[in-house]
Amino acid sequence: MNPLGHIFITYIVTRCIIPDARGYILLIALFAVIVDIDHIPGFFTFPKQKRRDYATQVAHFRSILQEPLGVAIELLVLLALWISGIDALILEIAGIALVMHWMIDFLMVHTRPLYPFSKKIVCLFFKDAQSKRISEAVATFISGIIFLILII
């Protein structure tokens, strides 16, 4: 999913859980996309001629941070930070964003849900590049409208 889609959807869900989420919009946006930081090196090293091959693309762009084991480790880090006294609301926002990021990706793009134990790629709904682009555009547009309604 694209960064705007992650931000919009994560804000909508966070707002349902934390009514005053509007005051934390920048923090929500940061936590919604920070998991994708592992994609940055891939943009510089991935050959353009292979961009249509999903197996190669998923293996190249999705590290362990993107999969359930990585999310579990990230949530354990948040738990350790909570125990050490970090503001619980910030950690709640971070936890919601991490789980939402994984769920959005799992539903919208090709993932390896059991990586590193299995390299099998799973795609629930959108199997080709065209349907993936259309679904992302529609999801981003609809969530963007809801986002604007919630912040106005």
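The values are calculated or read from the model by the stated rules, or taken from the named source; none is laboratory data. The structure displayed is predicted, hence computed values, not measured ones. Positions of Cβ are backbone-derived with ideal geometry, glycine not excepted, and every protein chain shown enters the neighbour counts.
Do you know which of the residues in segment 124-152 that are hydroxyl-bearing (S, T, Y) and under 30 Å from D20 (Cα atoms) is modelled with the lowest pLDDT?
Taking segment 124-152 first, the residues hydroxyl-bearing (S, T, Y) are 131, 135, 140, 143.
Then keep just the ones that are under 30 Å from D20 (Cα atoms); that gives 135, 140, 143.
Numbers: S135: 87, T140: 95, S143: 96.
Filtering segment 124-152 for residues that are hydroxyl-bearing (S, T, Y) and under 30 Å from D20 (Cα atoms), the one modelled with the lowest pLDDT comes out as S135.
Across segment 2-27, which residue is surrounded by the fewest Cβ atoms within 10 Å (Cβ to Cβ) among those that are closer than 15 Å to W102 by Cα and β-branched (V, I, T)?
Among residues in segment 2-27 that are closer than 15 Å to W102 by Cα and β-branched (V, I, T), the one surrounded by the fewest Cβ atoms within 10 Å (Cβ to Cβ) is V13.
So, restricting to helices (runs of 4 or more DSSP H) that lie completely within segment 13-83, which ones have at least 2 residues that are more than 17 Å from the chain's Cα centre (by Cα) and either farther than 21 Å from V122 by Cα or modelled with pLDDT of 80 or more (or both)?
Result: 40-45, 68-83.
Run down I90, I96 and say which single residue is in a helix (DSSP H, G or I), modelled with pLDDT of 90 or more and either exposed (fewer than 12 other Cβ atoms within 10 Å of the Cβ) or over 17 Å from the mean Cα position of the chain (by Cα) (or both). Before the answer, list the steps.
Working: I96 fails: either exposed (fewer than 12 other Cβ atoms within 10 Å of the Cβ) or over 17 Å from the mean Cα position of the chain (by Cα) (or both).
Selected residue: I90, the only one of I90, I96 that is in a helix (DSSP H, G or I), modelled with pLDDT of 90 or more and either exposed (fewer than 12 other Cβ atoms within 10 Å of the Cβ) or over 17 Å from the mean Cα position of the chain (by Cα) (or both).
Cβ contacts < 7 Å: first residue more than 17 Å from A21 (Cβ to Cβ), restricted to segment 78-98; second residue surrounded by 17 or more Cβ atoms within 10 Å (Cβ to Cβ) and of a type outside the set (A, V, I, L, M, F, W, C), any location; separation 6+ or different chain. Result?
L78/G95
Being within 14 Å of the chain's Cα centre (by Cα), of a type outside the set (D, E) and closer than 17 Å to T14 by Cβ, is that true of even one residue in segment 107-115?
No, segment 107-115 contains no residue that is within 14 Å of the chain's Cα centre (by Cα), of a type outside the set (D, E) and closer than 17 Å to T14 by Cβ.
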